[in-house]
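The values are calculated or read from the model by the stated rules, or taken from the named source; none is laboratory data. Since the structure is predicted, the reported quantities are computational estimates derived from the model, not experimental observations. Here the Cβ is made from the backbone with ideal geometry for all residues, glycine too, and neighbour counts use every protein chain on show. To get the accessible areas, we keep the full protein, side chains included, count just its heavy atoms, and leave off ligands, DNA and RNA. Shrake-Rupley method; radii C 1.70, N 1.55, O 1.52, S 1.80 Å.
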Amino acid sequence: VTAVVHAAWTAAGSWAPDPDPTLLRPGTCARCGEQPAELARVTAAISKLFTAFDGWHDPTRPGLCHPCAWAYRDPTLRRHAHLVTTTPNLVQLTAASLADELSAGPIASDTALIVPLRPGRKHLLPEARWGAVTTDSATIPWTSADSTRLAAMTRLRDDGFGTRMLRQPAPAWQVLHTRPTEHWSRILADWAQLDAWRHRPPWLDLGLHATTPSRP
Ligand SMILES: [Zn+2]
């Protein structure tokens, strides 16, 4: 199976650095272990402060293949949610299309999602896996039960509950009392649906991010 990074790189047009005397040739990619004819220097792709070498094939090697180098260099990958498929395809997601993807059911085994929660902070694509969602804190599976919980959270947002309130174990009275009493049992049922996420911060944070009303 093609790696997520390589599929995304192919879909994005197979970026390569300009010919440059510092390119190494040939060699072994420090991150993925492939042995291309030409590699870029690791130091050209990542900053001196980079520490996320977990999972690298051999961090002592000096070069990265072009797909791996691109995965660290492309700034839009760090700023916006993206969907990658094995097709290969790479799609930048708007807030609305991210919510649609997560509402539609489990993430398929030929699909990977990356969702920066604090845009620009972390490199997510290198952590991505097929059939999973990668956020700043973790790479997690996403099931149809999670889609159902997301729908409950969306209804609660429509009721007027904000992000801080949705983290709490019970609905805030200041909003609940503004809702018609015939809605209360549905609100409490929706709230109970989110209990499964309250002890799983990566899911809760992703749900809160995906349901945040977009600013005008
Ligand atoms: Zn590589």
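Filter region 67-86 for residues that are buried (at least 22 other Cβ atoms within 10 Å of the Cβ) and of a type outside the set (G, A, S); which is farthest from the ligand (Cβ to nearest atom)?
Per the stated criteria, the residue is H82.
Give just the number: which of (1) touching a helix residue (DSSP H, G or I) at 6+ places or on another chain (Cβ under 6 Å); (2) more than 16 Å from the ligand (Cβ to nearest atom) does L64 not satisfy?
(2)
Taking the condition out of contact with any Gly (no Cβ under 6 Å at 6 or more places or on another chain), assigned to a loop (DSSP other than H, G, I, E, B) and closer than 23 Å to S214 by Cβ, does R61 pass?
Criteria not met by R61.
Which pairs have Cβ atoms under 6 Å, sit 6 or more apart or on different chains, and link a residue in region 165-176 that is more than 12 Å from W197 (Cβ to Cβ) and assigned to a helix (DSSP H, G or I) to one that is open to solvent by 40 Å² or more (accessible area, probe 1.4 Å) and at pLDDT 95 or above?
Matching pairs, first to second residue: V175/G160.
Out of all the residues in region 118-129, is one or more surrounded by 21 or more Cβ atoms within 10 Å (Cβ to Cβ), over 24 Å from G33 (Cβ atoms) and touching a residue at least 40 places away in the same chain (Cβ under 8 Å)?
no
Just checking, how many residues over region 181-197 are crowded, with 18+ Cβ neighbours inside 10 Å and either outside any helix (DSSP H, G or I) or aromatic (F, W, Y) (or both)?
3
Looking at (1) open to solvent by less than 80 Å² (accessible area, probe 1.4 Å); (2) within 10 Å of the ligand (Cβ to nearest atom); (3) in a loop (DSSP other than H, G, I, E, B), can you tell me which one V5 breaks?
(3)
Collect the residues in region 96-115 that are part of a loop (DSSP other than H, G, I, E, B) and surrounded by fewer than 21 Cβ atoms within 10 Å (Cβ to Cβ), keeping them in residue-number order.
Once the filter is applied, which keeps residues that are part of a loop (DSSP other than H, G, I, E, B) and surrounded by fewer than 21 Cβ atoms within 10 Å (Cβ to Cβ), region 96-115 yields A104, G105, P106, A108, S109, D110.
Quick one: what pairs do we get from region 130-152, first residue among the basic types (K, R), second outside any helix (DSSP H, G or I), C-beta under 7 Å, 6+ apart or different chains?
R149/L194
Considering only residues that are hydrophobic (A, V, I, L, M, F, W, C), within 12 Å of the ligand (Cβ to nearest atom) and in a loop (DSSP other than H, G, I, E, B), look in region 29-57 and name the one that is surrounded by the fewest Cβ atoms within 10 Å (Cβ to Cβ).
The extreme case among them is W56.
Output the qualifying pairs, or none if there are none: Cβ atoms under 6 angstrom, residues six or more apart or on different chains, first residue in region 193-207 and in contact (Cβ under 8 Å) with a residue 40 or more places away in the chain, second residue exposed (fewer than 14 other Cβ atoms within 10 Å of the Cβ).
Close Cβ pairs satisfying both conditions: P202/S137.
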